[in-house]
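Here's the structure we're looking at; comments come further down.
The values are calculated or read from the model by the stated rules, or taken from the named source; none is laboratory data. Because the structure is a prediction, the values reported are computed rather than measured. Neighbour counts are summed over all protein chains in view; Cβ atoms, including those assigned to glycine, are modelled from backbone coordinates with ideal geometry. To get the accessible areas, we keep the full protein, side chains included, count just its heavy atoms, and leave off ligands, DNA and RNA. Shrake-Rupley method; radii C 1.70, N 1.55, O 1.52, S 1.80 Å.
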Amino acid sequence: DIEVYNFAVERINEALSNRKYRYIEKTRFDELNKEAQRIFQESKDASEEIYVQQLGFKADAQFIIKISNISISERSEAFDTRTASKVTIELKAYDNCTAEGLGTIILESDWSSGKDAKTTKNSGVTSAITTNIDKLFKVFNTYIGDWVNNGTPYELRFYASGTYRDFRDLRTKLKSDNN
């Protein structure tokens, strides 16, 4: 159900935003996804890892979150006058550079009851994400913590650094400085 998927993407982006994580809007993701799929299809070594690497590279993202499945269980209540839904969202987290799988996270809601199915589905998605999203953040924070604790190399990014010559001079100075 595309509507449920899009609703879940918006709720995940909202959760990321609330915790000051950067995220990509769905319309921009769709553009990047097309580019990554094209590169993936042109590659002779096509694999999910290559696709995730291309997507991470194009998005300049720290992590890739893939909604791999949304399952909705529905039941009728009160002599078919109400509907109840229970939502399970399966997320996969990947490192952006290596496409290393960081883990699969299951977000599950309680049963949500209401007069129409769409409302109960959306309520279930919201509940599953808001009550369980910390599982995803734990995966990210553990991964970054390992980097910090084990002395993994870090990356410097320069934005609006001037002309190409300025950037080349800066790079030369950084490489020549032993500290």
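Quick rundown of the values:
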{"read-out": "Ordering of 164-171, 6-13 by packing [mean C-beta count within 10 Å, highest first]", "value": "6-13, 164-171"}
{"read-out": "C-alpha center-to-center spacing [the range 110-146, the range 18-34] in angstrom", "value": "18"}
{"read-out": "Computed label-point distance, nm, for sites I50 and T98 using a 7 Å Cα→Cβ extension", "value": "2.1"}
{"read-out": "Contour minus Cα-Cα distance for Q41 and D60 (0.36 nm per residue)", "value": "4.8 nm"}
{"read-out": "Ordering of 132-145, 20-33, 50-63 by burial proxy (mean other Cβ atoms within 10 Å per residue, highest first)", "value": "50-63, 132-145, 20-33"}
{"read-out": "Surface per residue (accessible, 1.4 Å probe) for the range 1-66, Å²", "value": "66"}
{"read-out": "Links that overshoot a 26 Å alpha carbon limit, given the list K26/K121; K20/K135; K34/K118; K34/K121", "value": "K34/K118; K34/K121"}
{"read-out": "Heavy-atom accessible surface of the chain: percent carbon and sulfur, 1.4 Å", "value": "49"}
{"read-out": "Calculated FRET efficiency for the pair N178/D146, C-beta based, R₀ 22 Å, to 0.05", "value": "0.20"}
{"read-out": "Relative contact order (%) - criterion: Cα under 8 Å, at least six apart; region: the chain", "value": "17"}
{"read-out": "The chain: calculated mean residue ellipticity at 222 nm from DSSP helix runs of at least 4, using -39500 (n - 2.57)", "value": "-17000 deg cm²/dmol"}
